[in-house]
Each structure stands twice: as structure tokens, then as C-alpha cells.
């Protein structure tokens, strides 16, 4: 009978599909080390360090400069842009990788050079951005770091470089490898001028960056748990067919074996650098 039948009607969707998202999306972060779920606001207030296990999350170059320098700073060579000398293509063209990274991050390449003050002391500081093609060093990164060294010598200010990189940029081939020698030669000239250079190594610092300026500081200082080395541990294990020691290539392992001068918690880094400069400049 008619009154026992129910007509099927489409469910009215008042909210468009593109607007139906979980309200808590992006409010929480999972620690890569201990697996703890951390409220992102608490994580930000704790300088991107896990409150449970003290794991140091990656920090952007801009945030790093805000952490280390007093207020405003002057950026140098911001307009330098990488070219594509090899017309390199892997899963997508190198030109597109550059443009995508520039659009996403609002910067032209993987390092920012700044002139500012650290606890009232004038300094030149470079900070690398891992999210820009893995923080890789191509011609622009090498040139900007070299110019930062030259600026330090010109102004007689100490230099601080915060490394966070997967190494030389393969898309630029030999041109990227040339940067290792160029930056290292500039640091040798700076050493002749008796000006301090502090190298801060964060997770990860590998490849050609480790093989050049990252390990050439008057003091080489790392954040806790940072992966530091030339080849990665998996590559080494596959090459030598041996299991590596626990914590191999991490900051604490390198400090124990004499490759680093100090491992410093992020919250203490600014005061440590200030004290180190007090020592080196007196």
C-alpha cells in the first residue's frame, strides 16, 4: 500500500565538499622520535622541541634568524636566483622545482644571509632552509655564503652559519661541486683575517655542505640528535655490509669521537654563541 512506501531522496549537502575538513587538522604534530602527539601551539612555544623527549623538529631559516638575532636584521643578496645550466629533468624539470619552492616559501633559494645583532653584537648570519629542495647547495647558495664571508671580512664582524642541508644540488652537476672549494677558500681567507666563524649544524647536515663550510668553524656546534655526515648511514651499511653502531652519525656520537666541539639545546644556542664570541674576540 502507498503509505508503506518511502521515497528515496538525495541527502542535502549544505557544506560544499571542499569545505568539509576536520576542524583539528594542523593543530597537532606527531614527534618523529617518541611518537607523542603534541599540540602545535605548545610545540611552537617550546621552539619546536618535543616536550616529551626533547627531539628537535626542523626549523625554518626565517624562524632561525628570529631566534638568534635581536629583532630586525638586514637581508643581503635576496634577489639571487638559480638558473638551470643543464636543463635537468628527473621526475619533473629543475626549473619547475625552483619555481614551486619559491612560491611555497617566499624566498629565492635555500639560504638567507642576514646582517644583524646577537645580544647587541653585530654579526653576519646565514641560515639554510631545508624545505627548499632539501637545503641543497647550488651556485646561488655557494655564492651567497661566499659573499657573507666577504661581508664579514669587510665589516670586521663574526660569521655564524646555520646548516640544514642534504648536500650539493645534483641538478647543477659539477657547478654545485665547485661551491665546496669556493666557500672553503673564502673561509681560509677569513681565518687569515683572525675573524671568528661559528658553524651550527642541525638535522640534517650531510653531503657537500658537511664536506665544506659546515665542518670548518672555529667552533662546530650541533643541536641534539642531528644527523651529520657525508654519506647517509643506510648508504654506508649497504657499502661495507656491516651494521653501524647505535646513534652513528648523530650529534652525540660525533661529539664523543671528537668531530664536534659542543652539542647545545636550541633554547641555549643564542647564549652559547654569545659566550663563544666573547671568548674568541677577546
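The values are calculated or read from the model by the stated rules, or taken from the named source; none is laboratory data. The model shown is predicted, which means the values in this text are computed figures rather than measured ones. Every residue, glycine as well, gets a Cβ built from its backbone with ideal geometry; the counts of neighbours run over all protein chains shown.
Yes/no matrix, rows are residues, columns are (1) within 21 Å of residue 148 (Cα to Cα); (2) crowded, with 17+ Cβ neighbours inside 10 Å; (3) over 20 Å from the mean Cα position of the chain (by Cα):
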| position | (1), (2), (3) |
| --- | --- |
| 177 | yes, yes, no |
| 180 | yes, yes, no |
| 204 | no, yes, no |
| 216 | yes, yes, no |
| 234 | no, no, yes |
| 237 | no, no, yes |
| 250 | no, yes, no |
| 253 | no, yes, yes |
| 279 | no, no, yes |
Margin query: Quick check on the stretch 74-86. Is at least one of its residues closer than 22 Å to residue 280 by Cα and in the same structural domain as residue 209 (by TED's automatic domain parsing)?
Written below: no
Of (1) loosely packed, with under 14 Cβ neighbours inside 10 Å; (2) modelled with pLDDT of 95 or more; (3) assigned to a loop (DSSP other than H, G, I, E, B); (4) out of contact with any strand residue (DSSP E or B) (no Cβ under 9 Å at 6 or more places or on another chain), residue 80 fails just (1)
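Rundown of residues vs (1) within 18 Å of the chain's Cα centre (by Cα); (2) over 20 Å from residue 230 (Cβ atoms), yes/no style:
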| site | (1), (2) |
| --- | --- |
| 130 | yes, no |
| 139 | yes, yes |
| 148 | yes, yes |
| 152 | no, yes |
| 155 | no, yes |
| 171 | no, no |
| 185 | no, no |
| 196 | no, yes |
Among strands (runs of 3 or more DSSP E) entirely inside the stretch 25-76, those with 2 or more residues being closer than 20 Å to residue 135 by Cα are 74-76
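Do the conditions hold for residue 88, that is, is it under 21 Å from residue 176 (Cα atoms) and either crowded, with 18+ Cβ neighbours inside 10 Å or under 21 Å from the mean Cα position of the chain (by Cα) (or both)?
On the way: under 21 Å from residue 176 (Cα atoms): yes; either crowded, with 18+ Cβ neighbours inside 10 Å or under 21 Å from the mean Cα position of the chain (by Cα) (or both): no.
Taking the combined requirement at face value, the residue does not satisfy it.
Take the conditions out of contact with any helix residue (DSSP H, G or I) (no Cβ under 7 Å at 6 or more places or on another chain) and within 21 Å of residue 250 (Cβ to Cβ) and apply them to residue 55. Does it pass? Reasoning before the result, please.
Working: out of contact with any helix residue (DSSP H, G or I) (no Cβ under 7 Å at 6 or more places or on another chain): yes; within 21 Å of residue 250 (Cβ to Cβ): yes.
Taking the combined requirement at face value, the residue satisfies it.
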Output for Cβ contacts, cut-off 7 Å, separation at least six or different chains, first residue free of Cβ contacts under 8 Å to residues at least 40 places away in the same chain and in the same structural domain as residue 211 (by TED's automatic domain parsing) in the stretch 136-152, second crowded, with 23+ Cβ neighbours inside 10 Å and not in a helix (DSSP H, G or I), reads 141/109; 141/110; 141/111
